[in-house]
Each structure stands twice: as structure tokens, then as C-alpha cells.
Amino acid sequence: MSAKEKLYSIVAHDAHDDRHHGAISVPIYQTSLFSFDTYEQFNLARRDEQENFVYSRGNNPTVRYLEDKLALLEHGERAKCFSSGMAAISAAIMSIVQQGDHVICTYQAYGPTREFLGVYLLKFGVETTFVDGSSLENWKRAVRPNTRLLYLESPTSMMFQLQDIRSCAALAQSIGAETILDNSWATPCHQNPLTMGVSLVVHSITKYISGHSDCVGGVVVGSHRFMDPLMSTEYMLFGGIMTPQTAGLVTRGLRTLPMRMQRHETSGLKIAEYLGKQHYVRKVNHPGLTNHPQHELARTQMSGYSSLFSFESDEPVAKLRAWADSLHYFRIGASWGGFESLINVNALTNNDQQTGSLVRLYIGSEDPDDLIRDMEEAWRCVTLSPSEGEIYEQNAGISQDG
Ligand SMILES: *Cc1c(COP(=O)(O)O)cnc(C)c1O
């Protein structure tokens, strides 16, 4: 059985246990607490709230089922599911750092993650240096005696820049620091950072893992060494837990994750290649394209590609937004990872100078030929007077360095 075939079996097959009466679909345990006949049983259970079922802020069978599947998919020993990706990310970071520590983070990481590290954590005396994460030298140069954490997101979700995961993890180990990697883009189907030396993997479950744009969630995965303290402190004390209802929905989505990712990969590459040949496209940012500057690195640390990517253009933002408005299949919106294709158009800036436009596309599960036809037809409808092209909206910028 190949590694990819194995993924299909992991998401489809369960050992059926007595607690669920052989139910094929894991029941939603809609309960806040679990009760006991005697104090002896209660006290025994309370000794390990993460292994026993005592209170749903700590452990609930429906959520636990999903956590065990995700741990298996990521090659980790334990996973904990949170109410959102940001709840998982902030808990993972807080579990590693303390007052006076220093963090190094790739400068293109997800915006709220950068704000949490670079602004919010300052009030606890934790400082972050942001580096161009594509070069190992930049990570090395940023190291300080108090560096405790290297935070990676590979690939990043606007410019799709990679970091050399094995080298960054080895660097962290050599200085006694830890690594966290946001694996939302590649999913456990295409990239397993724990097998490359990373300490903790985080995901926004909201995206591909749930896959149907109907829930918000997050997960942290790692070894017992990191997860056991995180479960009794950041998980139980902050309380940003995933509810059993959400875990039931996510489990349903997870059943088809490998099939969805296979289709997303094929459709995404087809459309990225198509766009690479269009007159309005200056450059396509997709690590699966052979002309992507980090394609070789991508091949050494990923086994496949997902379907969120961007292209740079010399066309004005207003014209590209008019084009986006006329698209039939692509909806305008934040997020990604569901069945529906999405588009975002922003100004691309470098040191506050506009250097072009950036269009981020999410390729859903529609027929890629329909999506290509949609883009072609929409171009034919775009009419824009030259003056309109001059108007750039406020707050429309996406910084090339962030
Ligand atoms: C959406 C996203 C997050 C945050 O996840 P939420 O579920 O919205 O909190 C984190 N990282 C990446 C790369 C994302 O795209």
C-alpha cells in the first residue's frame, strides 16, 4: 500500500468499539459532563482528564475521535482540536514561550498570526523578529541567545513562499529552540512536518480539513512531550475548545479529504498553467509549477499541491476587480478550502510603493474547464475607462513582504 493509498484507509476505516454500539458514524456526544455512580470512579477519572471523559472542556468522545484521526494523519502522538485556527495557533505559541523569550517568524505568515506574535505578545515581554523565510541564512542571522521558537508557514497563503522545513527544524534543535509549522495549505495529505523534525503542527481546520465551508476550527498536533502540558494548561485554561457538533461536521468532511485534495491538486495545476500563458499575468505563484523558484525544494518536502495560489499582474486593481465582479463561478470572499471557487484582488506593494496587482484564486471542486471558460468570458466583458484604472482603493494593499 503506498503512502497515499494508506491515507484513504485511515480516513475511511474505524475500529468499532463498544461505547458507540458499533455505530458506523461516530455519534455526537452532546453533553457537557460525564457522571459517575461513586466518588471512587469520579476521582479515578479526574486523575487524567485528557484520557477519561469527565467534562467536555477537556475531553469529549466525538472531539476525541477527530483528534485521534488527525494525530494519525500527521504522524503525531496526540492532537487537540480548538474553536478556530487562531485559537490553536495562539495556544501552541503560548505553550512554548514565556516572558523574555524571542521568536523568529517568516514575514509572510498569516496576518493575525503576525499580529499575535509581533504586537500582542509584546505585552508579555515576548519579542518577534520577522525574516524572509525563504533563506536559511536569514533565520540564522536572527538567532539570539533567548530565541525559543521558530514559527513557519510553508507555503505561505498569499505569496506561496516555502521555507526549508528540515533545515529550520535542525537549526532550532541546534540552539535548543522549538518549531511550529502552519500546515493549512498542504494538509496532512501533502506534507507531514512532524516527520521532518518540527515540534508542533497547527492547522486551520476551517480550510481544507473540514472542506465544506460550514465550520470554523483548528488543531495542534505533536508528541506527548509537547501536547500533555498544552492540554492541561492552554487547552483547559483558555477554554477555546471545539464543540462536539463541529467535530461531527469536521469528521464528515475528513472522510473525503484525500479524494478532495487529489482533485484540487489536478484542477489547481491546470488553471495555474493556463494563467501562466495569459497576457494579463506577469507571474504565477504556485509551488507546483516547474518555473516556481522553489519548485525543487517543494518536491523534497511535499508530496503534492493544493489549489490556493496567486498571480501578479500589471493590470490595475480596479480592472481586475471589475473582472472578478463578472465571474460566474468564482465568488468574492475570504477563506478557502471548500467546494466553491473564490477570488481576491488586491494591490501588491513593496515598501509602500505599489508594484502591481495580486489576484489570489482558490480552485474549488467545479470542472476546471468551466472555470477557465468563466475567466475568458469575464475578460471579454471587462470595460474600464482609463481614469477608473487610476483609482486604487484604500486598504487594498497586500505587502510583498507580508
Ligand atoms: C485561515 C487561516 C488561519 C486561521 O484560521 P481560523 O480558523 O480562521 O482561525 C491560520 N493560518 C492560515 C494559513 C489560514 O489561512
Evaluation of T62 against (1) in contact (Cβ under 8 Å) with a residue 24 or more places away in the chain; (2) surrounded by fewer than 22 Cβ atoms within 10 Å (Cβ to Cβ); (3) out of contact with any strand residue (DSSP E or B) (no Cβ under 8 Å at 6 or more places or on another chain) (one fails), failing number = (2)
inquiry  = If I filter segment 113-134 for residues that are open to solvent by 40 Å² or more (accessible area, probe 1.4 Å) and polar (S, T, N, Q), do I get at least one hit?
reply    = yes
note = L237: passes all of (1) free of Cβ contacts under 8 Å to residues at least 60 places away in the same chain; (2) farther than 30 Å from S83 by Cα but (2)
task = Spot the failing condition for R57; the list is (1) open to solvent by less than 10 Å² (accessible area, probe 1.4 Å); (2) part of a loop (DSSP other than H, G, I, E, B); (3) more than 27 Å from E137 (Cα to Cα), and only one is missed.
result = (1)
inquiry  = Can you name every one of the helices (runs of 4 or more DSSP H) wholly within segment 65-171 that holds 1 or more residues which are modelled with pLDDT of 95 or more, under 15 Å from the mean Cα position of the chain (by Cα) and closer than 24 Å to R360 by Cβ?
reply    = 85-96, 111-118
query = Can you tell me which of S56, S90, S2 is without any contact (Cβ under 8 Å) to a residue 12 or more places away in the chain and polar (S, T, N, Q)?
reply = S2
query = When only residues in segment 318-353 that are under 20 Å from Q161 (Cα atoms) and assigned to a strand (DSSP E or B) count, which is most open to solvent (accessible area, probe 1.4 Å)?
reply = N350
message = Here's a check for you: in segment 75-99, which residue that is closer than 16 Å to R225 by Cα and within 16 Å of the ligand (Cβ to nearest atom) is surrounded by the most Cβ atoms within 10 Å (Cβ to Cβ)?
response = A92
ask   = If you check L289 against the conditions, is it open to solvent by less than 40 Å² (accessible area, probe 1.4 Å), within 22 Å of L371 (Cβ to Cβ) and more than 18 Å from the chain's Cα centre (by Cα)?
value = yes
Residues that are open to solvent by 50 Å² or more (accessible area, probe 1.4 Å) and closer than 24 Å to L200 by Cβ, drawn from segment 20-51 = D48, E49, E51
query = For segment 321-343, which residues satisfy the criterion of being over 17 Å from I271 (Cα atoms) and either of a type in the set (S, T, N, Q) or more than 16 Å from the ligand (Cβ to nearest atom) (or both)?
reply = R321, A322, D325, S326, I332, S335
ask   = Can you tell me how many residues in segment 336-365 are under 14 Å from S307 (Cα atoms) and in contact (Cβ under 8 Å) with a residue 40 or more places away in the chain?
value = 12
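The values are calculated or read from the model by the stated rules, or taken from the named source; none is laboratory data. All of these numbers come straight from a predicted model, not from anything done at the bench. All Cβ positions, even for glycine, are placed from backbone atoms using ideal geometry, and neighbour counts span all protein chains on display. These accessible areas exclude ligands, DNA and RNA; they are computed on the full protein's heavy atoms, side chains included. Shrake-Rupley method; radii C 1.70, N 1.55, O 1.52, S 1.80 Å.
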